[in-house]
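Below you'll find the structure, written out as structure tokens, and then a few comments.
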Amino acid sequence: MTHFTQTVLFTDADGRARFKEETIPLLHGTPQTLLSEVFASGGYQLRRSPVGFRSGFHCTGAPQWVFILSGQMEIGLHGGMSRVFCPGAHFFSADLLPEGVAFDEAVHGHWSRQVGPDPLVTLFLRA
């Protein structure tokens with residue numbers, strides 16, 4: 001494979017959060033170690049969420065990669081769609097509140113929750 005597929009959580013033109021898949025070319029390195037370009041980052045943060053954790057609807061404060069280190073994380077969208085991310089999985093969270101718009105939990109953002117028997121441990125890497 002000459003590309004990396006990333007799941008992106010983003011805000012669509014209607015203000016609602018959606019998922020999409022994007023590819024990142026792997027154009028550097030060797031045939032044994034294909035690499036993408038080097039991307040800038042702005043720091044990282046670790047989080048531990050206990051069994052039973054669930055957030056309300058919210059938007060991402062700043063674009064960031066979310067890596068699941070242990071446990072499972074479910075991300076839910078308006079309309080009932082959700083995805084579960086297991087250890088080793090990741091997604092790019094960029095569902096920002098549209099500029100100049102007041103947050104409306106009936107329209108904007110996503111919710112997250114811990115699922116399964118183990119606490120959720122995540123790494124947030126700012127883009």
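The values are calculated or read from the model by the stated rules, or taken from the named source; none is laboratory data. These numbers were taken from a predicted model, which means no experiment stands behind them. Here the Cβ positions follow ideal geometry from the backbone for every residue, glycine too, while neighbour counts run over all protein chains shown.
Say whether the condition of being closer than 25 Å to ASP104 by Cβ, in contact with a His (Cβ under 6 Å, 6 or more places away or on another chain), modelled with pLDDT of 95 or more and not in a loop (DSSP other than H, G, I, E, B) is met by at least one residue in the range 8-15. Looking for residues that are closer than 25 Å to ASP104 by Cβ, in contact with a His (Cβ under 6 Å, 6 or more places away or on another chain), modelled with pLDDT of 95 or more and not in a loop (DSSP other than H, G, I, E, B), one finds none in the range 8-15, hence no.
What number of residues within the range 89-103 satisfy the criterion of being farther than 24 Å from VAL51 by Cα and without any contact (Cβ under 8 Å) to a residue 24 or more places away in the chain? Give the steps one after another, and end with the answer.
Filtering the range 89-103 for residues farther than 24 Å from VAL51 by Cα gives 94-103.
Narrowing further to those that are without any contact (Cβ under 8 Å) to a residue 24 or more places away in the chain: 99-100, 102.
Number satisfying all stated conditions: 3.
Restricting the range 71-127 to residues that are among the acidic types (Asp, Glu) and either over 12 Å from LEU9 (Cα atoms) or modelled with pLDDT under 95 (or both) leaves a set whose member that is surrounded by the most Cβ atoms within 10 Å (Cβ to Cβ) is GLU74.
Considering the range 47-70, the residues that are under 16 Å from LEU120 (Cα atoms) and touching a Ser or Thr at 6+ places or on another chain (Cβ under 7 Å) include one that is surrounded by the most Cβ atoms within 10 Å (Cβ to Cβ), namely VAL66.
Condition test on THR5, is it under 17 Å from the mean Cα position of the chain (by Cα), of a type outside the set (Lys, Arg) and surrounded by fewer than 11 Cβ atoms within 10 Å (Cβ to Cβ)? Outline the logic, then answer.
On the way: under 17 Å from the mean Cα position of the chain (by Cα): yes; of a type outside the set (Lys, Arg): yes; surrounded by fewer than 11 Cβ atoms within 10 Å (Cβ to Cβ): yes.
Yes: the conditions hold for THR5.
Going by the structure shown, is GLY43 surrounded by fewer than 13 Cβ atoms within 10 Å (Cβ to Cβ) and touching a residue at least 12 places away in the same chain (Cβ under 8 Å)? So GLY43 passes the test. Answer yes or no as to whether PHE19 is aromatic (Phe, Trp, Tyr), closer than 21 Å to THR122 by Cβ and not in a strand (DSSP E or B). Criteria not met by PHE19. The set of residues from the range 1-21 being free of Cβ contacts under 8 Å to residues at least 60 places away in the same chain, more than 17 Å from GLY80 (Cα to Cα) and of a type outside the set (Gly, Ala, Ser) comprises MET1, THR2, HIS3, PHE4, THR5, GLU21. Go through the residues of the range 23-36 one by one and say whether even a single one is small (Gly, Ala, Ser) and out of contact with any Gly (no Cβ under 8 Å at 6 or more places or on another chain). Looking through the range 23-36, at least one residue is small (Gly, Ala, Ser) and out of contact with any Gly (no Cβ under 8 Å at 6 or more places or on another chain).
May I ask you to verify whether SER55 is within 15 Å of ALA17 (Cβ to Cβ) and at pLDDT 95 or above?
Details: within 15 Å of ALA17 (Cβ to Cβ): yes; at pLDDT 95 or above: yes.
Criteria met by SER55.
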